[in-house]
Amino acid sequence: MKKPTLIFTVLLFFLSVAGSATAQDQPKPTSGEPFLKEKGSKKGSDIKEESAEPETVINVGTLVQYIDVKREKWQDWLEKNPASLDAGALRKEAEVWIAGGDAALAETTLIMGKSGQRAKIESQREIFLPTKFFSVEAGLPFPGTFDLRNIGTVLEVDPVIPEAGRVDLNYAPERTAYRGENPPVVLPGVEAGDIRWPIFSTQRVAGNASLRSEQWALIGCEASLEGDEANQTLIFTRPVIHQFEAPAGNPAGKPEGVLTFEWIEVGHGELNRQLVESEDMSALIGGGLHQAALEGGGKIIDTRVIRFMSGQRLKNESVEEVIYPTRYIAEKGQVHSNPDSHETRNSGVSIEVDAVVGAGGGLVDLNMSLERVFHFGESIHHRVLIDSKWETDVTMPVFYTMRATTQTTAPIGSPVLIGVMSPPDEKGWIDSSRKMLLFVKVSR
(Lines give C-alpha, C1' and ligand atoms only; values in the text may rest on other atoms or scores of the structure.)
Protein backbone atom coordinates (compact mmCIF):
# COMPACT_ATOMS: atom_id res chain seq x y z
CA MET A 1 0.00 0.00 0.00
CA LYS A 2 3.01 2.36 0.39
CA LYS A 3 3.94 2.25 -3.32
CA PRO A 4 0.85 4.17 -4.60
CA THR A 5 1.34 6.80 -1.90
CA LEU A 6 4.94 7.33 -2.98
CA ILE A 7 3.91 7.74 -6.65
CA PHE A 8 1.20 10.27 -5.69
CA THR A 9 3.73 12.33 -3.69
CA VAL A 10 6.19 12.46 -6.57
CA LEU A 11 3.42 13.54 -8.94
CA LEU A 12 2.40 16.42 -6.69
CA PHE A 13 6.02 17.56 -6.51
CA PHE A 14 6.40 17.83 -10.31
CA LEU A 15 3.07 19.62 -10.66
CA SER A 16 4.08 22.26 -8.11
CA VAL A 17 7.40 22.83 -9.87
CA ALA A 18 5.68 23.24 -13.27
CA GLY A 19 3.14 25.69 -11.81
CA SER A 20 5.91 27.79 -10.28
CA ALA A 21 7.80 27.93 -13.59
CA THR A 22 4.63 28.95 -15.48
CA ALA A 23 3.96 31.78 -13.04
CA GLN A 24 7.50 33.07 -13.43
CA ASP A 25 7.16 33.05 -17.23
CA GLN A 26 4.08 35.33 -17.19
CA PRO A 27 4.90 38.78 -18.71
CA LYS A 28 4.80 41.72 -16.39
CA PRO A 29 2.58 44.72 -17.14
CA THR A 30 4.23 47.19 -19.50
CA SER A 31 3.60 50.81 -20.50
CA GLY A 32 1.76 49.51 -23.58
CA GLU A 33 -0.98 48.14 -21.31
CA PRO A 34 -2.08 51.23 -19.36
CA PHE A 35 -4.97 49.57 -17.53
CA LEU A 36 -2.72 46.88 -15.87
CA LYS A 37 -0.85 47.77 -12.68
CA GLU A 38 1.46 45.76 -10.48
CA LYS A 39 0.28 45.41 -6.93
CA GLY A 40 2.35 47.51 -4.65
CA SER A 41 4.05 49.32 -7.56
CA LYS A 42 5.21 52.83 -6.77
CA LYS A 43 5.08 53.76 -10.46
CA GLY A 44 1.31 53.45 -10.56
CA SER A 45 0.88 56.63 -8.50
CA ASP A 46 2.94 58.61 -11.06
CA ILE A 47 0.59 57.97 -14.05
CA LYS A 48 -1.35 61.10 -15.11
CA GLU A 49 -5.01 60.58 -15.81
CA GLU A 50 -5.22 63.33 -18.46
CA SER A 51 -3.04 66.07 -19.87
CA ALA A 52 -3.72 69.54 -18.50
CA GLU A 53 -2.92 71.19 -21.83
CA PRO A 54 -5.94 72.75 -23.62
CA GLU A 55 -7.23 71.08 -26.77
CA THR A 56 -6.31 72.70 -30.11
CA VAL A 57 -9.20 72.85 -32.57
CA ILE A 58 -8.82 73.36 -36.33
CA ASN A 59 -11.52 74.23 -38.85
CA VAL A 60 -10.44 74.35 -42.48
CA GLY A 61 -12.10 76.35 -45.22
CA THR A 62 -11.69 76.94 -48.95
CA LEU A 63 -11.70 80.37 -50.57
CA VAL A 64 -12.25 80.72 -54.34
CA GLN A 65 -12.09 83.99 -56.28
CA TYR A 66 -12.81 84.75 -59.94
CA ILE A 67 -10.99 87.76 -61.44
CA ASP A 68 -11.73 88.99 -64.97
CA VAL A 69 -8.50 90.31 -66.54
CA LYS A 70 -7.86 92.04 -69.85
CA ARG A 71 -6.42 89.37 -72.11
CA GLU A 72 -3.51 91.57 -73.25
CA LYS A 73 -2.52 92.26 -69.65
CA TRP A 74 -2.61 88.57 -68.79
CA GLN A 75 -0.61 87.52 -71.84
CA ASP A 76 2.00 90.18 -71.15
CA TRP A 77 2.39 88.93 -67.58
CA LEU A 78 2.78 85.32 -68.76
CA GLU A 79 5.57 86.27 -71.16
CA LYS A 80 7.57 87.85 -68.34
CA ASN A 81 6.73 85.44 -65.51
CA PRO A 82 6.75 81.63 -65.65
CA ALA A 83 3.70 79.88 -64.25
CA SER A 84 4.31 78.82 -60.65
CA LEU A 85 2.70 76.45 -58.15
CA ASP A 86 2.67 79.34 -55.69
CA ALA A 87 0.40 82.01 -57.19
CA GLY A 88 0.79 84.48 -54.34
CA ALA A 89 2.71 86.98 -56.46
CA LEU A 90 0.14 86.74 -59.25
CA ARG A 91 -2.73 87.25 -56.81
CA LYS A 92 -1.03 90.42 -55.50
CA GLU A 93 -0.49 91.63 -59.06
CA ALA A 94 -4.19 91.05 -59.75
CA GLU A 95 -5.00 93.58 -57.02
CA VAL A 96 -2.83 96.11 -58.86
CA TRP A 97 -4.70 95.37 -62.10
CA ILE A 98 -8.05 95.82 -60.31
CA ALA A 99 -6.97 99.18 -58.89
CA GLY A 100 -5.77 100.29 -62.33
CA GLY A 101 -8.94 99.25 -64.17
CA ASP A 102 -7.30 96.36 -66.03
CA ALA A 103 -9.18 93.70 -64.07
CA ALA A 104 -12.38 93.27 -62.06
CA LEU A 105 -13.20 91.09 -59.08
CA ALA A 106 -16.04 88.98 -60.48
CA GLU A 107 -16.89 86.55 -57.67
CA THR A 108 -15.84 85.34 -54.22
CA THR A 109 -17.11 82.24 -52.45
CA LEU A 110 -15.92 80.63 -49.23
CA ILE A 111 -17.02 77.64 -47.16
CA MET A 112 -15.61 76.54 -43.79
CA GLY A 113 -15.53 72.89 -42.79
CA LYS A 114 -13.56 70.08 -41.13
CA SER A 115 -10.66 68.00 -42.37
CA GLY A 116 -11.88 64.90 -44.17
CA GLN A 117 -15.46 66.17 -44.49
CA ARG A 118 -17.15 67.35 -47.70
CA ALA A 119 -18.59 70.85 -47.72
CA LYS A 120 -20.74 72.67 -50.27
CA ILE A 121 -22.00 76.24 -50.71
CA GLU A 122 -24.39 77.55 -53.38
CA SER A 123 -25.74 80.88 -54.67
CA GLN A 124 -27.99 80.02 -57.60
CA ARG A 125 -31.04 81.06 -59.60
CA GLU A 126 -33.11 78.12 -60.83
CA ILE A 127 -34.19 78.35 -64.46
CA PHE A 128 -36.81 76.06 -65.96
CA LEU A 129 -36.28 75.38 -69.65
CA PRO A 130 -38.45 73.46 -72.13
CA THR A 131 -37.11 70.04 -73.10
CA LYS A 132 -39.76 69.07 -75.64
CA PHE A 133 -42.02 71.06 -77.98
CA PHE A 134 -45.29 69.96 -79.59
CA SER A 135 -46.92 71.27 -82.74
CA VAL A 136 -50.25 73.07 -82.28
CA GLU A 137 -52.90 74.29 -84.73
CA ALA A 138 -51.93 77.95 -84.37
CA GLY A 139 -49.02 79.83 -82.89
CA LEU A 140 -45.56 78.73 -81.84
CA PRO A 141 -44.58 75.13 -80.94
CA PHE A 142 -45.90 74.31 -77.49
CA PRO A 143 -43.48 73.50 -74.58
CA GLY A 144 -44.96 70.59 -72.67
CA THR A 145 -42.12 69.28 -70.49
CA PHE A 146 -39.34 71.06 -68.60
CA ASP A 147 -35.93 70.57 -67.06
CA LEU A 148 -34.13 72.63 -64.40
CA ARG A 149 -30.81 74.47 -64.80
CA ASN A 150 -29.02 76.36 -62.03
CA ILE A 151 -27.06 79.52 -62.77
CA GLY A 152 -24.77 81.31 -60.34
CA THR A 153 -21.95 79.84 -58.26
CA VAL A 154 -21.39 76.58 -56.42
CA LEU A 155 -18.32 75.31 -54.58
CA GLU A 156 -17.90 71.71 -53.46
CA VAL A 157 -14.68 70.73 -51.69
CA ASP A 158 -13.06 67.94 -49.66
CA PRO A 159 -10.23 69.43 -47.53
CA VAL A 160 -7.72 67.21 -45.67
CA ILE A 161 -4.97 68.33 -43.31
CA PRO A 162 -2.17 65.74 -43.76
CA GLU A 163 0.27 67.62 -41.52
CA ALA A 164 0.53 70.89 -39.63
CA GLY A 165 0.52 73.91 -41.92
CA ARG A 166 -0.57 72.07 -45.08
CA VAL A 167 -3.97 71.35 -46.64
CA ASP A 168 -4.84 68.95 -49.46
CA LEU A 169 -7.80 70.29 -51.42
CA ASN A 170 -10.10 68.30 -53.68
CA TYR A 171 -12.11 71.11 -55.25
CA ALA A 172 -14.92 71.60 -57.77
CA PRO A 173 -15.96 75.26 -58.17
CA GLU A 174 -18.50 76.14 -60.86
CA ARG A 175 -19.90 79.41 -62.20
CA THR A 176 -22.75 79.55 -64.73
CA ALA A 177 -24.53 82.42 -66.48
CA TYR A 178 -27.63 82.73 -68.67
CA ARG A 179 -26.76 84.44 -71.97
CA GLY A 180 -30.10 84.83 -73.70
CA GLU A 181 -31.88 82.79 -76.34
CA ASN A 182 -30.89 80.83 -79.43
CA PRO A 183 -32.18 81.94 -81.83
CA PRO A 184 -32.58 85.52 -80.57
CA VAL A 185 -36.06 86.94 -80.15
CA VAL A 186 -37.26 87.41 -83.76
CA LEU A 187 -40.43 85.33 -83.88
CA PRO A 188 -43.92 86.73 -83.32
CA GLY A 189 -45.23 85.63 -79.96
CA VAL A 190 -41.81 85.66 -78.28
CA GLU A 191 -40.92 88.70 -76.20
CA ALA A 192 -37.73 89.77 -74.45
CA GLY A 193 -37.29 87.73 -71.28
CA ASP A 194 -39.21 84.67 -72.50
CA ILE A 195 -37.29 81.41 -72.07
CA ARG A 196 -37.58 78.84 -74.85
CA TRP A 197 -34.10 77.96 -76.21
CA PRO A 198 -31.74 79.34 -73.54
CA ILE A 199 -27.96 79.66 -73.87
CA PHE A 200 -25.77 79.00 -70.83
CA SER A 201 -22.04 79.55 -70.32
CA THR A 202 -20.12 77.74 -67.60
CA GLN A 203 -16.71 77.96 -65.95
CA ARG A 204 -16.00 74.67 -64.19
CA VAL A 205 -12.80 73.37 -62.61
CA ALA A 206 -12.34 70.03 -60.85
CA GLY A 207 -8.93 69.19 -59.45
CA ASN A 208 -6.58 68.73 -56.51
CA ALA A 209 -3.87 70.78 -54.85
CA SER A 210 -1.61 70.44 -51.82
CA LEU A 211 -1.08 73.92 -50.37
CA ARG A 212 0.43 75.64 -47.38
CA SER A 213 -2.17 77.23 -45.16
CA GLU A 214 -1.47 80.73 -46.55
CA GLN A 215 -0.67 79.76 -50.16
CA TRP A 216 -2.63 80.91 -53.22
CA ALA A 217 -3.02 78.64 -56.24
CA LEU A 218 -4.15 79.47 -59.78
CA ILE A 219 -6.54 76.65 -60.69
CA GLY A 220 -8.15 78.03 -63.82
CA CYS A 221 -7.61 80.41 -66.75
CA GLU A 222 -10.95 80.43 -68.53
CA ALA A 223 -12.84 82.17 -71.31
CA SER A 224 -15.00 85.05 -70.15
CA LEU A 225 -18.38 83.99 -68.77
CA GLU A 226 -20.01 86.82 -70.75
CA GLY A 227 -18.32 85.74 -73.99
CA ASP A 228 -16.11 88.83 -74.09
CA GLU A 229 -13.01 87.84 -76.06
CA ALA A 230 -11.09 90.83 -74.70
CA ASN A 231 -11.18 89.37 -71.19
CA GLN A 232 -10.11 86.16 -69.50
CA THR A 233 -11.10 84.83 -66.07
CA LEU A 234 -8.42 83.77 -63.60
CA ILE A 235 -9.65 81.43 -60.85
CA PHE A 236 -7.71 81.44 -57.58
CA THR A 237 -8.07 79.32 -54.46
CA ARG A 238 -6.41 79.09 -51.06
CA PRO A 239 -7.09 77.21 -47.82
CA VAL A 240 -8.38 79.11 -44.81
CA ILE A 241 -7.39 77.84 -41.35
CA HIS A 242 -9.36 78.69 -38.21
CA GLN A 243 -7.31 77.41 -35.27
CA PHE A 244 -7.96 78.06 -31.59
CA GLU A 245 -7.62 76.53 -28.14
CA ALA A 246 -10.73 75.07 -26.57
CA PRO A 247 -12.14 77.59 -24.09
CA ALA A 248 -13.16 76.63 -20.60
CA GLY A 249 -16.72 75.41 -20.47
CA ASN A 250 -19.15 73.89 -18.00
CA PRO A 251 -18.69 70.11 -18.15
CA ALA A 252 -20.99 69.65 -15.17
CA GLY A 253 -23.90 71.45 -16.85
CA LYS A 254 -26.56 69.89 -19.02
CA PRO A 255 -25.44 69.14 -22.61
CA GLU A 256 -27.61 71.79 -24.24
CA GLY A 257 -27.27 75.30 -25.62
CA VAL A 258 -28.47 77.99 -28.01
CA LEU A 259 -27.42 78.56 -31.63
CA THR A 260 -27.63 82.04 -33.16
CA PHE A 261 -27.36 82.23 -36.96
CA GLU A 262 -26.83 85.61 -38.64
CA TRP A 263 -26.87 86.63 -42.31
CA ILE A 264 -24.96 89.91 -42.81
CA GLU A 265 -24.73 91.69 -46.15
CA VAL A 266 -21.53 93.57 -47.10
CA GLY A 267 -19.97 95.01 -50.23
CA HIS A 268 -17.82 92.69 -52.33
CA GLY A 269 -14.92 95.13 -52.42
CA GLU A 270 -14.85 95.56 -48.65
CA LEU A 271 -14.92 91.80 -48.08
CA ASN A 272 -12.06 91.34 -50.54
CA ARG A 273 -10.02 93.96 -48.69
CA GLN A 274 -10.51 92.10 -45.42
CA LEU A 275 -9.54 88.76 -46.96
CA VAL A 276 -6.48 90.06 -48.81
CA GLU A 277 -5.08 92.36 -46.13
CA SER A 278 -5.72 90.18 -43.08
CA GLU A 279 -2.51 89.04 -41.35
CA ASP A 280 -4.41 86.65 -39.07
CA MET A 281 -6.97 84.71 -41.07
CA SER A 282 -7.82 82.54 -38.06
CA ALA A 283 -8.83 85.57 -36.00
CA LEU A 284 -10.79 86.95 -38.96
CA ILE A 285 -12.87 83.77 -39.27
CA GLY A 286 -13.29 83.40 -35.50
CA GLY A 287 -15.02 86.73 -34.89
CA GLY A 288 -12.95 89.44 -36.55
CA LEU A 289 -14.94 89.48 -39.79
CA HIS A 290 -18.21 89.69 -37.89
CA GLN A 291 -17.00 92.76 -36.02
CA ALA A 292 -15.51 94.36 -39.15
CA ALA A 293 -18.72 93.79 -41.11
CA LEU A 294 -20.89 95.54 -38.53
CA GLU A 295 -18.42 98.38 -37.95
CA GLY A 296 -18.09 98.85 -41.72
CA GLY A 297 -21.80 99.36 -42.30
CA GLY A 298 -22.82 95.77 -42.98
CA LYS A 299 -26.56 95.09 -42.82
CA ILE A 300 -28.00 92.27 -40.71
CA ILE A 301 -30.49 90.63 -43.06
CA ASP A 302 -31.79 87.93 -40.73
CA THR A 303 -31.14 86.35 -37.31
CA ARG A 304 -32.40 82.96 -36.14
CA VAL A 305 -32.06 81.69 -32.55
CA ILE A 306 -32.52 77.97 -31.89
CA ARG A 307 -32.25 75.92 -28.70
CA PHE A 308 -30.60 72.49 -28.94
CA MET A 309 -29.88 69.33 -26.95
CA SER A 310 -26.54 67.65 -27.55
CA GLY A 311 -26.73 64.71 -29.94
CA GLN A 312 -30.28 65.51 -31.08
CA ARG A 313 -31.16 66.70 -34.59
CA LEU A 314 -33.10 69.91 -34.77
CA LYS A 315 -34.93 71.54 -37.66
CA ASN A 316 -36.34 75.03 -37.97
CA GLU A 317 -38.43 76.31 -40.89
CA SER A 318 -40.18 79.54 -41.80
CA VAL A 319 -41.47 78.81 -45.29
CA GLU A 320 -44.17 79.47 -47.83
CA GLU A 321 -45.29 76.50 -49.90
CA VAL A 322 -45.29 77.31 -53.61
CA ILE A 323 -47.28 74.85 -55.73
CA TYR A 324 -46.45 74.95 -59.42
CA PRO A 325 -47.11 72.88 -62.57
CA THR A 326 -44.40 70.60 -63.90
CA ARG A 327 -46.13 69.81 -67.21
CA TYR A 328 -48.68 71.46 -69.49
CA ILE A 329 -51.08 70.03 -72.07
CA ALA A 330 -52.50 71.94 -75.03
CA GLU A 331 -56.09 70.78 -75.52
CA LYS A 332 -57.77 71.06 -78.92
CA GLY A 333 -60.38 73.76 -79.06
CA GLN A 334 -58.96 75.60 -76.04
CA VAL A 335 -56.96 78.81 -76.19
CA HIS A 336 -54.99 78.36 -72.99
CA SER A 337 -53.14 75.19 -72.02
CA ASN A 338 -53.87 73.13 -68.91
CA PRO A 339 -51.39 72.21 -66.15
CA ASP A 340 -51.17 68.44 -65.95
CA SER A 341 -49.14 67.75 -62.76
CA HIS A 342 -47.77 69.74 -59.84
CA GLU A 343 -44.95 69.92 -57.31
CA THR A 344 -44.44 71.89 -54.10
CA ARG A 345 -41.36 73.96 -53.28
CA ASN A 346 -40.67 75.75 -49.99
CA SER A 347 -39.68 79.39 -50.15
CA GLY A 348 -38.15 80.88 -47.00
CA VAL A 349 -35.58 79.75 -44.42
CA SER A 350 -34.80 76.14 -43.46
CA ILE A 351 -32.19 75.14 -40.88
CA GLU A 352 -31.20 71.57 -40.01
CA VAL A 353 -28.45 70.97 -37.43
CA ASP A 354 -26.86 68.14 -35.45
CA ALA A 355 -25.07 69.72 -32.47
CA VAL A 356 -22.83 67.82 -30.03
CA VAL A 357 -21.32 69.45 -26.93
CA GLY A 358 -17.68 68.49 -26.29
CA ALA A 359 -16.59 66.73 -23.10
CA GLY A 360 -15.11 69.94 -21.68
CA GLY A 361 -18.27 71.92 -22.31
CA GLY A 362 -16.51 74.74 -24.19
CA LEU A 363 -16.89 73.40 -27.74
CA VAL A 364 -19.81 72.34 -29.92
CA ASP A 365 -19.47 70.21 -33.07
CA LEU A 366 -22.00 71.25 -35.71
CA ASN A 367 -23.21 69.32 -38.74
CA MET A 368 -25.59 71.64 -40.55
CA SER A 369 -27.51 72.55 -43.66
CA LEU A 370 -28.89 76.09 -43.96
CA GLU A 371 -31.03 77.30 -46.85
CA ARG A 372 -32.63 80.60 -47.87
CA VAL A 373 -34.98 80.36 -50.86
CA PHE A 374 -36.58 83.36 -52.59
CA HIS A 375 -39.53 83.24 -54.98
CA PHE A 376 -39.30 85.89 -57.71
CA GLY A 377 -42.53 85.38 -59.61
CA GLU A 378 -42.77 83.43 -62.86
CA SER A 379 -40.80 82.98 -66.06
CA ILE A 380 -42.74 82.94 -69.36
CA HIS A 381 -42.27 80.10 -71.83
CA HIS A 382 -45.25 80.35 -74.19
CA ARG A 383 -47.83 82.91 -75.28
CA VAL A 384 -51.13 82.68 -77.15
CA LEU A 385 -52.73 85.26 -79.43
CA ILE A 386 -55.97 86.68 -78.00
CA ASP A 387 -57.65 89.71 -79.61
CA SER A 388 -54.48 90.60 -81.52
CA LYS A 389 -52.41 90.55 -78.33
CA TRP A 390 -49.94 87.89 -77.19
CA GLU A 391 -51.06 86.80 -73.71
CA THR A 392 -49.07 84.71 -71.21
CA ASP A 393 -49.92 81.00 -71.33
CA VAL A 394 -47.17 78.75 -69.91
CA THR A 395 -45.18 79.92 -66.89
CA MET A 396 -42.79 78.38 -64.36
CA PRO A 397 -41.62 79.73 -60.98
CA VAL A 398 -38.33 81.55 -60.48
CA PHE A 399 -36.44 80.56 -57.32
CA TYR A 400 -33.13 81.81 -55.97
CA THR A 401 -31.30 79.72 -53.37
CA MET A 402 -28.44 80.37 -50.96
CA ARG A 403 -27.43 77.11 -49.29
CA ALA A 404 -24.51 75.96 -47.09
CA THR A 405 -23.97 72.31 -46.12
CA THR A 406 -20.95 71.73 -43.90
CA GLN A 407 -19.44 70.78 -40.53
CA THR A 408 -17.54 72.96 -38.07
CA THR A 409 -16.49 73.18 -34.44
CA ALA A 410 -17.52 76.39 -32.68
CA PRO A 411 -16.27 77.78 -29.37
CA ILE A 412 -18.75 79.16 -26.87
CA GLY A 413 -19.50 82.85 -27.29
CA SER A 414 -17.73 83.73 -30.58
CA PRO A 415 -19.48 84.39 -33.93
CA VAL A 416 -17.73 82.01 -36.35
CA LEU A 417 -17.94 82.41 -40.13
CA ILE A 418 -19.61 79.51 -41.96
CA GLY A 419 -19.61 80.76 -45.52
CA VAL A 420 -19.73 83.58 -48.08
CA MET A 421 -22.51 83.65 -50.69
CA SER A 422 -23.95 86.04 -53.30
CA PRO A 423 -27.47 87.40 -52.74
CA PRO A 424 -30.04 88.03 -55.51
CA ASP A 425 -30.88 91.43 -56.94
CA GLU A 426 -34.42 92.78 -57.04
CA LYS A 427 -35.24 90.66 -60.11
CA GLY A 428 -33.80 87.40 -58.78
CA TRP A 429 -30.48 87.39 -60.65
CA ILE A 430 -27.17 86.87 -58.86
CA ASP A 431 -25.69 90.13 -57.55
CA SER A 432 -21.95 89.58 -57.12
CA SER A 433 -21.37 93.20 -56.09
CA ARG A 434 -22.78 92.26 -52.68
CA LYS A 435 -21.88 89.38 -50.39
CA MET A 436 -23.89 87.50 -47.78
CA LEU A 437 -21.85 86.37 -44.77
CA LEU A 438 -23.27 83.53 -42.68
CA PHE A 439 -22.20 83.27 -39.01
CA VAL A 440 -23.01 80.96 -36.12
CA LYS A 441 -22.63 81.69 -32.41
CA VAL A 442 -23.05 79.13 -29.62
CA SER A 443 -24.28 80.09 -26.15
CA ARG A 444 -24.74 77.93 -23.07
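Values as computed for the structure displayed
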| item | result |
| --- | --- |
| Burial order of peptide ranges 278-291, 56-69, 116-129, 385-398 (average beta-carbon count within 10 Å, highest first) | 56-69, 116-129, 278-291, 385-398 |
| Fraction of accessible area attributable to carbon and sulfur, the chain (%, probe 1.4 Å) | 51 percent |
| Low-density loop positions, trypsin sites (Lys or Arg not before Pro), the stretch 133-180 - DSSP coil, at most 15 other Cβ in 10 Å | none |
| Tilt relative to the chain, helix 268-277 - C-alpha long axis, 0 to 90 degrees, to 10 | 30 degrees |
| Tail weight of P(r) past 18 Å, computed on alpha-carbon pairs of the stretch 187-249, percent | 64 percent |
| In sequence order, calculated HN-Hα J values of the stretch 254-267 (Karplus, 6.51, -1.76, 1.60; Hz; x Gly/Pro) | 5, x, 8, x, 10, 10, 10, 9, 10, 10, 10, 9, 9, x |
| Per-pair calculated FRET efficiency, R0 = 45 Å: HIS342 and LYS92 via Cβ, rounded to 0.05 | 0.25 |
| The stretch 355-376-the stretch 171-197 distance, computed between alpha-carbon centres (Å) | 37 Å |
| Calculated FRET value between SER310 and ALA206, using beta carbons and R₀ = 51 Å, to 0.05 | 0.90 |
| Global form of the stretch 88-128, assessed from the alpha-carbon gyration tensor, a/c cut-off 1.5 | oblate |
| Two-decimal Rg/Rh across the chain, once Rg and the Kirkwood Rh are taken from alpha-carbon atoms | 1.21 |
| Mean ellipticity per residue at 222 nm, deg cm²/dmol - from DSSP H runs of n ≥ 4 across the chain, formula -39500 (n - 2.57) | -4500 deg cm²/dmol |
| Average accessible area per residue (Å²) across the chain - probe 1.4 Å, nucleic acids and ligands excluded | 53 Å² |
| Part-to-part distance (alpha-carbon centres) for the stretch 76-108 and the stretch 220-236, which is given in Å | 13 Å |
| Square roots of five times the Cα gyration tensor eigenvalues for the stretch 265-371, Å | 43, 24, 11 |
| Nearest-0.05 FRET efficiency for ARG179 and PHE134, computed from C-beta distance (R0 25 Å) | 0.45 |
| Net +/- balance of residues flanking ARG345 in space, Cβ distance below 11 Å, scoring K and R +1, D and E -1 | -4 |
| Set LYS114/LYS435; LYS332/LYS427; LYS92/LYS114; LYS70/LYS92; LYS92/LYS427 screened for pairs whose C-alpha atoms are more than 25 Å apart | LYS332/LYS427; LYS92/LYS114; LYS92/LYS427 |
| Contour minus Cα-Cα distance for ALA230 and SER388 (0.36 nm per residue) | 52.5 nm |
| Semi-axis lengths, Å, the stretch 79-190, gyration tensor of Cα atoms, sqrt of 5 times eigenvalues | 42, 23, 11 |
| For peptides 348-355, 292-299, sequence by mean Cβ density within 10 Å, most packed first | 348-355, 292-299 |
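The values are calculated or read from the model by the stated rules, or taken from the named source; none is laboratory data. Values in this document were obtained by computation on a predicted structure and should not be read as measured data. Virtual Cβ from ideal backbone geometry, glycine too; neighbours counted across all protein chains shown. Please note that ligands, DNA and RNA were not included when accessible areas were found on the heavy atoms of the full protein model with its side chains. Shrake-Rupley method; radii C 1.70, N 1.55, O 1.52, S 1.80 Å.
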